[in-house]
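The values are calculated or read from the model by the stated rules, or taken from the named source; none is laboratory data. Everything numeric here is computed off the predicted structure, so don't read it as measured data. FYI the Cβ positions are ideal-geometry reconstructions off the backbone, even for glycines, and counts take in every protein chain you see. Remember, those area values only see protein heavy atoms, side chains included, never the ligands or the DNA or RNA. Shrake-Rupley method; radii C 1.70, N 1.55, O 1.52, S 1.80 Å.
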Amino acid sequence: APPGSDTYKGWLFKWTNYLKGYQRRWFVLSNGLLSYYRTQAEMAHTCRGTINLSTAHIDTEDSCNIVLSNGGRTYHLKANSEVERQRWVTALELAKAKAIRMRNNQSDDSGDEEPASQSDKSELHGPLKTLSSKLEDLSTCNELIAKHGAALQRSLSELENLRLPADSGEKIKAVNERATLFRITSNAMINACRDFLDLAESHSRKWQRLLQHEREQRIRLEETIEQLAKQHNSLERACRGAPGLASGTASISSTAKAGSVQSAKGEASDEDEETEYFDAMEDAPAFITVTADPKHHRRSGSNLSGASEGHPEDWNLEDSVFDSSNQSSYNESTGKDLLPRKRRRSRIPDKPNYSLNLWSIMKNCIGKELSKIPMPVNFNEPLSMLQRLTEDLEYHELLDKAVKCESSTEQMCFVAAFSVSSYSTTVHRTAKPFNPLLGETYELDRLEELGFRSLCEQVSHHPPAAAHHVYSRRGWTLWQDITISSKFRGKYLSIMPLGAIHLEFHSSGNHYVWRKVTSTVHNIIVGKLWIDQSGEIEIVNHKSKDKCQLKFTPYSYFSRDVPRKVTGVVSDADGKAHYVMSGTWDEKMECSKIVHSSHGSTSTEGKQKTVYQTLSPKVLWRKYPLPENAENMYFFSELALTLNEPEERVAPTDSRLRPDQRLMESGRWDEANVEKQRLEEKQRAVRRRREAEAVEALEEGKDYEGYIPLWFERKVDAVTGELICVYKGGYWEAKDKQDWSVCPDIF
């Protein structure tokens, strides 16, 4: 590529050290950055170094050397000839000038403008900046021509003053080299002029097309506004013609956002009715809800085309199970057959204010394999992953209420609220839980107090997998086999739980299955850590074929939606919608009964939205407030504070007995790091022994089963067809007998 282009590549010699001297390296100049590689093939994967030319100083020591310095970094480079050196100098000076202009332009544009206004002006500023850049290139080439022209004149003057014939050959050679440099620079200027003219012509045609496009858009916008006005008038006439609906549906409530019953934060929208009803935002839900007054609703008199209709009298304010959905709390007993709750701890030692020294971590990693690098407890919270799984049961009373539901679709609403409630504890919990050791278990026996008992076991280490089983004497059983997969994507970390969650109700036989959404931890490198949940959950009742589609909307800085928003629809086996779910995964979930559904307007993407007319929403689940001083206790909830509380008669593999986790909870982090490293090395030794046994069995022609879980067994699930770990029994019987002879020594 010529020196005037945006990219310049070639071989140069770079000074390395006094032993090796100058070494041949492949240099690439692009976008104001000079990078080098050992070979051209390394460009695909390994860059050996980069220097920013916008703040670099370019110097020439002699006929072939170039010195680049930027702060504490200096490159001593050497070309094969003076001509090659000058080509690189020309390219470097042009690239430096461009880099400085780009930096100045960025600083000029970093004002307080809104993002929308910047995008509006980008179409105008882009071509102008490019044209200005080409003009600057011409100016730089002009200066170089003047510089080389003066040098050529000096060489010619020296040639004229020659007297000795022996010197004439060297001087003539110098004149030829100067003439060559002058020709190269002239060609660069000519190419820059040609680029400028081509760019001007292309943008002239582009501006003409943009003008024509704006005229067509204006005409199309006028037609759309006229059509919207007609639709709005026809909708008003239809609402006025329906008896008793004028008060409930004459206009769309400004708080009824697209895809939600009400604004989950209770804030009014700043948009008008037309925008709320007809505007099809990107990633907007495929339905709109309109709240109707149940006292004035009459099915027979409605003019709406009822694709789905329901009886408003089913939505009883006195007798419905929904009414008691938010009456109980974690500190109130809801069962007459249960014993009074045991008094448990309500606080743990405050989190120490230890500064995290990255160098103290890195210096211990030098020379070690990546798998053997110990991560300090500074990144952890004093709970294991098994205990975090058990936290899903914090709002178990939702399932207790679901047992009382006679309708499977009504029961589905409680199951959907329960699936969302498991994420409420994650909003402030940015620290990672301890990775369980293979064979580690955790029990939560609340059978006499809350009616359920839970057991978790780490059944695999690579990949990490945990099996969970919960039995409730109130009429339900929950089990799951979860494998955690994570991907680091630079600025954020994606955590993807793999595996299905099963929930079965004893009396009805309803079997629900769903999967978790993706959790994303943002600002891994720089900034304050924060967590978001995104994706979709499909809950299926495999007995009645009812379904619930829940959408977790990812956070967007430019969105006007409520943050952490969740919306969904509960439908039966025939696809008929019965309830609308709405809320946020960190605060509450609401449910609204659908009395009518009709097809609304078509969005700009060609998708037709469904308009659901619903009764007033009812709160199914609301998050419990955090305990006092929670910010100094890892933002633990009341249940989380009790999970690691020491208990008697638990298995020797229980997470409560893990020493490094206990030391961390007590604030002794240095001792916890030492103990954590000891446990991990002990686990690696067990794995090496198991691998050696596998090799020995293979050599002898025998089958090697590998690790066999203690309390779970692997079976093919009849519903999903997946190989999962299910509880095989024996744990609670062993606890009653205090016979833990089968438990390995993992701590």
So how many residues does segment 538-570 have that are without any contact (Cβ under 8 Å) to a residue 40 or more places away in the chain and among the polar types (S, T, N, Q)? 3
Residue check, Leu493 in a loop (DSSP other than H, G, I, E, B) and either at pLDDT below 90 or more than 27 Å from Ala718 (Cβ to Cβ) (or both): no
Going by the structure shown, is Pro433 touching a strand residue (DSSP E or B) at 6+ places or on another chain (Cβ under 8 Å), farther than 25 Å from Glu645 by Cα and surrounded by fewer than 22 Cβ atoms within 10 Å (Cβ to Cβ)? no
Breaking point among (1) part of a strand (DSSP E or B); (2) within 23 Å of Glu143 (Cβ to Cβ); (3) open to solvent by 70 Å² or more (accessible area, probe 1.4 Å), for Leu77: (3)
Which residues, taken from segment 15-57, are open to solvent by 50 Å² or more (accessible area, probe 1.4 Å), outside any helix (DSSP H, G or I) and over 17 Å from Trp88 (Cα atoms)? Thr16, Asn17, Tyr18, Leu19, Lys20, Tyr22, Gln23, Arg38, Thr39, His45, Cys47, Arg48
Only one of (1) farther than 16 Å from Cys413 by Cα; (2) surrounded by 14 or more Cβ atoms within 10 Å (Cβ to Cβ) fails for Gly527. Which number is that? (2)
State which residue is most open to solvent (accessible area, probe 1.4 Å) when the search covers only segment 409-430 and only residues that are more than 24 Å from Ala467 (Cβ to Cβ) and in a loop (DSSP other than H, G, I, E, B). His428
